[in-house]
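The values are calculated or read from the model by the stated rules, or taken from the named source; none is laboratory data. No experiment lies behind these values; they were computed from the predicted model shown. Here Cβ is always computed from backbone atoms with ideal geometry, including for glycine, and neighbour counts include all displayed protein chains.
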Amino acid sequence: MSNDVRAEVAEIFEDVFEFEGDLNLKTTPDDVPGWDSLKHIALVTTLEQNFDISLSMDEMHEIQNVGDIHTILERHGA
Amino acid sequence: MAKNYSSEVEALIDAVLAQAASCLQDKALLQSIDWAKIEGDKVSNLLKTLDGAGKKAPPWLLTALISAGHQMDEPRVERLSLPLKFLNRLNGPADPDSTTSLDVASRRIEDKDLALALVKQMKARGLENDALQLALTNWDTSPQLMRPMASQMKEHLEELPEARLRVLGYSTTHPFCEDLAPAFAGAGFKAVIDEANFGEVIPELLRPAEVAYDAYILYLDAQGFHTHDWRLDTGASLQMLNDKIDLLVSALASFASQSAHPIFINTLPLPPTPAVGFLDQHHGDGDNANIKLVNERLSELAAQQSQIVLIDSFVAMSGIAPTSWSDPKMWFYGRIPYSAEASRALAGNFAKAWRAEKNGPPKVLAIDLDNTMWGGIFGEDGVHGLQCGDDFPGNAFKAMQSEFLRLKNQGMILAILSKNDPTAITAFTDHPGIILNEDDFVAHRINWTPKPQNIQELAAEINVGIDSFVFLDDSPHEREAMRALAPQVYTPELPDDPAQRPGWLRSLSKTWPIRLTKEDAERSSMYLARRKASEMQSSAASFEDYLAGLEQKLILEEVSHATLPRIAQMHQKTNQFNLTTKRFDESDIKAMMDDDSEMVVLGRAGDKFGDHGISICATIAIDGDKADLKTLLMSCRVIGREVEAAFLGALLAKLKERGVKTVTASYIPTEKNVIVADFYGEQGLTKSATKGDETIYEWREGSSPVPASLYVETLWHS
């Protein structure tokens, strides 16, 4: 995973959740205040817009931590 | 974030740059380079290489270079668009002359990289207001532009007048509500949003909240409004749709008669995929046919009620491919009816409607003559050399004149503002192809005085402020001068190509009327009187009638293996109507199911419009003649229809049958469940104790009433 993408994801977390804490691959919704099902929608939409990709229903469900986001981005070639 | 390329890649790029002249033809290699990672002197060398080979750097390459932060010499950018030229200037060393961004901030910029580069550079150069304006202008197509402007946006909002909005919808409105803030800010307002409960359209319209909102927004979507039930035959299904439309239309009419506030409603977009193939436009099961039916009824109502304003969803979303109007996974995930981009586009048009409501359209259209009113130059070509008429290319100018007449008919005042020989006015009488007459114009200034000065005089003569003017001129210099010296005048970018202009003028939303004339208003009050007479006979005049008309049923049963997952899921997901928010999972519920001293009860709600499925449930611990309601929760889908009262009543009656004499029940507040803070009290239970945050209520057989609803029939399923 390139550093560019990591930085981009961190920026998206700042944007969507106003989260400025330590973001690592193991970070889960429990670690990020406000990461509930509604904000999950905003997160997925922002990821899609930023990386110009389209996630599937399963992928939306698959995201259980930040590592899963990176796995998915990698799969889409972002 | 621009990191450098690795040395291996850099070597490849150097090879490409050395062969730039040959690479130019095929674009491919040069287009794949991220120019932000390439040093300035390599870029200068590239341009020199091209010059040396006798090739000019093409616009696409210059655009990519400038967007990546490089500065080109002025002669190279001469033919590029104004935003690119402006960014090119910002890319250079600080220059006091470059701080006038003029109209760049109000331009639509299709190229996303260019837009983002402009926002960032403008911000970096201290043009924060312009950067924010540009981000807001293009936010609907490039939402990422707002990211660097977050703090400026917060400050900006505080300076804007508030628009207090109540948002209703049949599906999830939340993401759309988030889009309303930037959309309204772009139109000059701070949106203060209050969302109604999920799906509560009819109850809200029949019983408008007492809070004073400035406007209501009804966010309509086809699936949420009506999902075709293919178990029904065509007749029954059409009947159901018509019943729903009747209900909505009468609720809207009732709202309009009780409230002075405008209500903005988007029409339903026609579906890109038919339900009945080639018959879809007219068959009773056709999606197109049914959606047209809904839109038709809404249009009829809006024609009668001037406070009901329709937002044409097709117009709003016309920049987006119809297949991208919705995002199916978002629908299945959270009943989100439109894709993110469609939601932004709709939000943008709701905001424009609000701006029209508050400010009205501009009053005066000030029009230049040569190459704007007609083709050619009066002073050089003479009256009969001017292009305007039925033949190409004069027909494009005639079509534009026809648009000017349209705006005149819709209440705008026309004026002429031209640097010209004063005798140019004779063209309106002497040229056979010109369809406007001299007296279509209320005033004119045809002389050699600078236009910003002339427009002040025109304003004084017509007796309106210059902020009521729209100025159309084909000359970029005249437009720049007007923007610089009379910024209150609205000076849009008239397209260079006369063929584009008539359509462009129609799309200029600042000129869109929202209400036309006084006669219109009078006509609507006439309709109002007529409608009131007929409304006496119509259904759903009150909220109670509505509830009675719903024919609601609630079927209660104890949990089984089949229903267990849904009950666990409800415990996990329900936030609002949830008295204690204890998150029992499947194994917890299973344990209760197997325990005789525990009870898990669920209710299936339904009405004449269809089934809502398992919508409410409770878990109860029973100890002899005492019982405790551990959890009670309900899906938002059925809030506000007395299902909760019916359920609680039936549950208490059942417990009584089992010998229970007292029942305790708690309310534990969370951030989201304030709507049930007084639920037990309203149902007649007595407050008996408090424990920290928790309030405990009690129901006693004999002395406490058994809650019930007149409008919900309950029965137990064994």
Would a scan of segment B:394-402 turn up a residue that is in contact (Cβ under 8 Å) with a residue 40 or more places away in the chain, buried (at least 19 other Cβ atoms within 10 Å of the Cβ) and in a helix (DSSP H, G or I)? yes
Of the residues that sit in segment B:201-233 and are outside any helix (DSSP H, G or I) and among the charged types (D, E, K, R), which one is modelled with the lowest pLDDT? B:GLU210
What's the total number of residues in segment B:322-344 that are within 8 Å of chain A (Cβ to nearest Cβ) and closer than 17 Å to B:LEU168 by Cα? 2
Which listed residue is free of Cβ contacts under 8 Å to residues at least 12 places away in the same chain, among the charged types (D, E, K, R) and within 27 Å of B:SER259 (Cα to Cα), from B:GLU178, B:GLU200: B:GLU178
Failed item in (1) touching a helix residue (DSSP H, G or I) at 6+ places or on another chain (Cβ under 8 Å); (2) modelled with pLDDT under 95; (3) away from chain A (no Cβ under 13 Å), with B:GLU357 passing the rest: (1)
Criterion: over 23 Å from the mean Cα position of the chain (by Cα), of a type in the set (Gly, Ala, Ser) and at positive phi - qualifying residue of B:GLY235, B:GLY277, B:GLY284: B:GLY277
Kindly indicate whether B:LEU648 is closer than 19 Å to B:THR563 by Cα, modelled with pLDDT of 95 or more and not polar (S, T, N, Q). no
Return the pairs, sorted by first residue and then second, in which the second residue is of a type outside the set (A, V, I, L, M, F, W, C) and crowded, with 16+ Cβ neighbours inside 10 Å, the first residue lies in segment B:71-86 and is assigned by TED's automatic domain parsing to the domain that holds B:ALA135 and more than 19 Å from B:GLN133 (Cα to Cα), the beta carbons are less than 7 Å apart, and the residues are 6+ apart or on different chains. B:GLN71/B:ASN88; B:GLN71/B:ASN91; B:MET72/B:ASN88; B:VAL77/B:LYS85; B:VAL77/B:ASN88
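From the list B:SER299, B:SER306, B:SER313, B:SER326, which one is under 30 Å from A:ILE63 (Cα atoms) and of a type in the set (S, T, N, Q)? If you could, list the steps in order and put the result at the bottom.
Values: B:SER299 fails: under 30 Å from A:ILE63 (Cα atoms); B:SER306 fails: under 30 Å from A:ILE63 (Cα atoms); B:SER313 fails: under 30 Å from A:ILE63 (Cα atoms).
Unique residue meeting the criteria: B:SER326.
Report yes if some residue within segment A:63-70 is more than 14 Å from chain B (Cβ to nearest Cβ), in a loop (DSSP other than H, G, I, E, B), surrounded by fewer than 18 Cβ atoms within 10 Å (Cβ to Cβ) and at pLDDT 90 or above; otherwise report no.
Filtering segment A:63-70 down to residues more than 14 Å from chain B (Cβ to nearest Cβ) leaves A:64-70.
Adding the requirement that they be in a loop (DSSP other than H, G, I, E, B) leaves A:64-65.
So of that shortlist, the ones also surrounded by fewer than 18 Cβ atoms within 10 Å (Cβ to Cβ) come out as A:64-65.
With the extra rule that they be at pLDDT 90 or above, the set shrinks to A:64-65.
There is at least one residue in segment A:63-70 that is more than 14 Å from chain B (Cβ to nearest Cβ), in a loop (DSSP other than H, G, I, E, B), surrounded by fewer than 18 Cβ atoms within 10 Å (Cβ to Cβ) and at pLDDT 90 or above.
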Restricting attention to segment B:435-480, which residues are assigned to a helix (DSSP H, G or I), of a type outside the set (Ser, Thr, Tyr) and buried (at least 18 other Cβ atoms within 10 Å of the Cβ)? B:LYS451, B:PRO452, B:ASN454, B:ILE455, B:LEU458, B:ALA459, B:ILE466, B:GLU478, B:ARG479
Subset of segment B:145-200 (residues that are away from chain A (no Cβ under 14 Å), assigned to a loop (DSSP other than H, G, I, E, B) and not acidic (Asp, Glu)): B:LEU160, B:PRO161, B:TYR170, B:ALA187, B:GLY188, B:PHE189, B:ALA196, B:ASN197, B:GLY199
Among the residues of segment B:257-284 satisfying the criterion of being at pLDDT below 95 and touching a strand residue (DSSP E or B) at 6+ places or on another chain (Cβ under 6 Å), which is nearest to B:HIS226 (Cα to Cα)? B:PRO262
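Only one of B:ALA64, B:ALA21, B:ALA15, B:ALA36 is outside any loop (DSSP other than H, G, I, E, B) and within 14 Å of chain A (Cβ to nearest Cβ); which? Don't jump to the end; show me each part of the working.
Values: B:ALA64 fails: within 14 Å of chain A (Cβ to nearest Cβ); B:ALA21 fails: within 14 Å of chain A (Cβ to nearest Cβ); B:ALA15 fails: within 14 Å of chain A (Cβ to nearest Cβ).
After ruling out the rest, the residue left standing is B:ALA36.
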Selected residue (criterion: surrounded by the most Cβ atoms within 10 Å (Cβ to Cβ)) from residues of segment B:329-376 that are of a type in the set (Ser, Thr, Tyr) and not in a loop (DSSP other than H, G, I, E, B): B:SER343
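Restrict the check to segment B:161-169 and report whether at least one residue is within 20 Å of B:ALA342 (Cβ to Cβ), at pLDDT below 95 and among the β-branched types (Val, Ile, Thr).
At the first step, the residues of segment B:161-169 found to be within 20 Å of B:ALA342 (Cβ to Cβ) are B:165, B:167-169.
Next, from what is left, pick out any that are at pLDDT below 95: none.
No, every residue in segment B:161-169 fails to be within 20 Å of B:ALA342 (Cβ to Cβ), at pLDDT below 95 and among the β-branched types (Val, Ile, Thr).
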Filtering segment A:1-41 for residues that are aliphatic (A, V, I, L, M), within 24 Å of B:LYS329 (Cα to Cα) and within 11 Å of chain B (Cβ to nearest Cβ) leaves a count of 4
Of (1) within 14 Å of chain A (Cβ to nearest Cβ); (2) surrounded by fewer than 23 Cβ atoms within 10 Å (Cβ to Cβ); (3) closer than 17 Å to B:GLY319 by Cβ; (4) touching a Leu at 6+ places or on another chain (Cβ under 8 Å), B:ARG107 fails just (1)
With the structure loaded, tell me whether B:GLN572 is out of contact with any helix residue (DSSP H, G or I) (no Cβ under 8 Å at 6 or more places or on another chain) and polar (S, T, N, Q) or whether it fails that test. yes
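Could you say whether any residue in segment B:374-393 is free of Cβ contacts under 8 Å to residues at least 60 places away in the same chain and within 37 Å of the chain's Cα centre (by Cα)?
The first filter runs over segment B:374-393 and keeps only residues free of Cβ contacts under 8 Å to residues at least 60 places away in the same chain, leaving B:376-392.
Subsequent filtering for residues that are within 37 Å of the chain's Cα centre (by Cα) retains none.
Among the residues of segment B:374-393, not one is free of Cβ contacts under 8 Å to residues at least 60 places away in the same chain and within 37 Å of the chain's Cα centre (by Cα), which makes the answer no.
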Looking at segment B:465-479 only, could you name the residues that are in contact with a helix residue (DSSP H, G or I) (Cβ under 6 Å, 6 or more places away or on another chain) and either over 22 Å from B:PRO502 (Cα atoms) or hydroxyl-bearing (Ser, Thr, Tyr) (or both)? B:ILE466
Segment A:28-62, residues that are in contact with an Asp or Glu (Cβ under 8 Å, 6 or more places away or on another chain), closer than 10 Å to A:PHE17 by Cβ and part of a helix (DSSP H, G or I): A:ALA42
From B:ILE616, B:ILE675, grab the single residue that is modelled with pLDDT of 95 or more and under 24 Å from B:THR173 (Cα atoms). B:ILE616
What are the pairs, 6+ residues apart or on separate chains, where a residue within segment B:543-562 that is under 14 Å from B:THR714 (Cα atoms) and modelled with pLDDT of 90 or more has its Cβ under 8 Å from a residue that is among the basic types (Lys, Arg) and surrounded by 18 or more Cβ atoms within 10 Å (Cβ to Cβ)? B:GLN552/B:ARG641
